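Here is the structure we will look at.
The values are calculated or read from the model by the stated rules, or taken from the named source; none is laboratory data. Small disclaimer: the values here were computed from a predicted structure and weren't measured. Positions of Cβ are generated from backbone atoms using ideal geometry, with glycine treated the same way; all protein chains shown enter the neighbour counts.
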C-alpha cells in the first residue's frame, strides 16, 4: 500500500470541507431556484396533465425543492446523512405540504420494523459469536486449497451478509483472513518468496484510522498490523482481501434485510404503487443473482485478474481449525439463537403461503415475524445465570442512522406520489417510451452503479427510487411493471466495487495493506460491468415472472 503523508491527508480534509460547504450552500440555492421555477410553470403543467387536479399539486414545487436539497446534501454529505433525512418532518410541515402526523408515519413504516428485527437478530448472533462459527465451518467445508479457501471465505461472507450488515460481516471476516495470510507468510518462508510472493512492503500508521474499529484477539487490528513491520503481497492475498470485501456487498443482495436499498425499494413500492414485495419473493429473485455474481467474482479474481501463483497453502486448514477450536463447544445461547434464526428464515420464506392455504391472512407478516423474533430474543434465557439472548445494552447499538435514512427516503417518496411530482417527471420523459426497455434498464443500472462509488448506497437509493419510479410511469410502466426500472436502482446502489470510499468493506480491505487502490480499481471495474450485465438480465427476464 502506498504511504500517505500528513500533507496529503490535510489536502483531502480541506477538499472534503470545500465539497461539503458547496453542497450546503449550493444545495439550498439550487433547491430555491427549482422551487421558484416550477411554481411559475404550475398552471401550464396542470393544463398538460389533467390528472394533477385531483392531487395536492400546489405543493409540488416545494416537494421538488426539498428533493433537490436532500439529494445534494446526501451526495455531498453536507451534513450528517441521518440529519438530512429529518428534513421532510420540518419542511413538509412548515410549508403545508402535509400534516406532521402523516409525514412522520413514514418513519414507522412496516419495512423499517422488518429491518429493525433483522438487525436485532444479527446482533444476537454477533453477541454469542454464532456468525463466526458459521463462517469458519463453511470455509472448512469448502476446502483449504488456495482457490477453495478464497471461495470458502466468499461463500461464508456472502451468506452472513444476507442476514448481518455488510460492515459487521466484513469486520468479523477480515481478521480471520489476515491471520491466514500472516501464517502463510511465516510458513512459506523467505527462501520461497521469489516463487510465491512478488512484493514486500512496509505497513504505515495510516492504516490504523481505517482498521481501528476492528478487534481481534483482544487488540485493535491496527496494533496487530503495527506489530508486523512487513507484509508479503501476493495475488492470493489480494484475492482473499478483495473476495471478502466484494462478497460482503454481493451476498446482501439475496434478502430484503441484507442491505438498506432492498428494504427501501420494498417501502417505496408499497407507498407509491401499493405493491407488496414479500421476503420469499425477493429471495427467489435475489439469492440466485447473488450466488451467480459471487461465483463469477471468484472466477474473475482467481483466474483472470489476479491468477494465483501458489498451488497449496501450508497450514491453511490448521489455522481455520484453530480459530474454530478457540470458540469451544456449542453453547446453549448459540443453539437457541441458531434455532431462532432458522425459524425466522423459514417463517419469512414459507409462513405466509402456509397460512393463506388455511384461509388465514396476517397483514405485514414479514414485519410481524421480525418483531416476534426480536421479542423472543429478549425473553429466552441464554444460560443458567439468568442472562438473556439479547439485552438493551446490545440492542441499542442498532444502526439508528440507517433507520432514519429509511424514514426520510420513504417520507420524500410518499410526497412524490401525493403531489403528482412522479406524474410530472413521467410526463417529461414520456418521449423515451419508444426506446427498448432493455436499453433503459441498462442505462439506469450503469448510472447508479458508478454513481454509488462516490455516494452513500442508501442515500443514492432513497434519492433515485422516486425519480426512476416517475420515469417508469411516464413510459407507461405502471404497477408491477415499474419494478423493471426500480429494482435495478436498488440492486445497483449496493454494487460498489471500485473505490475504498464506496463502502466500508472496501475501505477495510484497502486499510489491510494487502490491496492497493489500483488493484481495487482494476478488479472493481470488471465487477461493476458484471453487475450491469447480471442486474439488467435478471430485471429484464425475471421480474415479470416472479413479481407479477
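Assorted remarks:
- Only one of 120, 134, 40 that is at pLDDT 90 or above and either closer than 30 Å to residue 327 by Cα or touching a strand residue (DSSP E or B) at 6+ places or on another chain (Cβ under 7 Å) (or both): 120
- Within the range 418-435, considering residues that are assigned to a loop (DSSP other than H, G, I, E, B) and either modelled with pLDDT of 85 or more or over 30 Å from the mean Cα position of the chain (by Cα) (or both), the one surrounded by the most Cβ atoms within 10 Å (Cβ to Cβ): 420
- Selection within the range 304-328: residues that are outside any helix (DSSP H, G or I) and at pLDDT 90 or above. The member of this set that is nearest to residue 524 (Cα to Cα) is 306.
- The listed residue being at pLDDT 95 or above and surrounded by fewer than 24 Cβ atoms within 10 Å (Cβ to Cβ), out of 253, 242, 289: 289
- Of the residues examined, residue 182 is not one that is modelled with pLDDT of 90 or more, in contact with a helix residue (DSSP H, G or I) (Cβ under 9 Å, 6 or more places away or on another chain) and surrounded by fewer than 24 Cβ atoms within 10 Å (Cβ to Cβ).
- Residue that is modelled with the lowest pLDDT [pool: residues in the range 224-239 that are in contact with a helix residue (DSSP H, G or I) (Cβ under 8 Å, 6 or more places away or on another chain) and surrounded by fewer than 18 Cβ atoms within 10 Å (Cβ to Cβ)]: 226
- Among residues of the range 468-493 that are at positive phi and assigned to a helix (DSSP H, G or I), those with a beta-carbon under 9 Å from a residue that is surrounded by fewer than 24 Cβ atoms within 10 Å (Cβ to Cβ) and at pLDDT below 95 at least six positions away or on a different chain give the pairs 479/273; 479/274; 479/275; 479/548.
- Just one of the listed residues (536, 512) is surrounded by fewer than 24 Cβ atoms within 10 Å (Cβ to Cβ) and in contact with a helix residue (DSSP H, G or I) (Cβ under 8 Å, 6 or more places away or on another chain), namely 536.
- Residue 366 being modelled with pLDDT under 90 and part of a helix (DSSP H, G or I): yes
- Against the list (1) more than 21 Å from the chain's Cα centre (by Cα); (2) in a helix (DSSP H, G or I); (3) over 19 Å from residue 288 (Cα atoms), the condition residue 542 fails is (3).
- Candidates 30, 45: the one that is touching a helix residue (DSSP H, G or I) at 6+ places or on another chain (Cβ under 8 Å), in a helix (DSSP H, G or I) and at pLDDT 95 or above is 30.
- Residue in the range 436-444 that is on the phi < 0 side of the Ramachandran plot, crowded, with 16+ Cβ neighbours inside 10 Å and under 20 Å from the mean Cα position of the chain (by Cα) present: yes
- Verdict on residue 63 being under 30 Å from residue 363 (Cβ atoms), in contact with a helix residue (DSSP H, G or I) (Cβ under 6 Å, 6 or more places away or on another chain) and at pLDDT 90 or above: yes
- Failed item, numbered, when residue 338 is tested on (1) surrounded by 12 or more Cβ atoms within 10 Å (Cβ to Cβ); (2) closer than 30 Å to residue 150 by Cα; (3) modelled with pLDDT under 90: (3)
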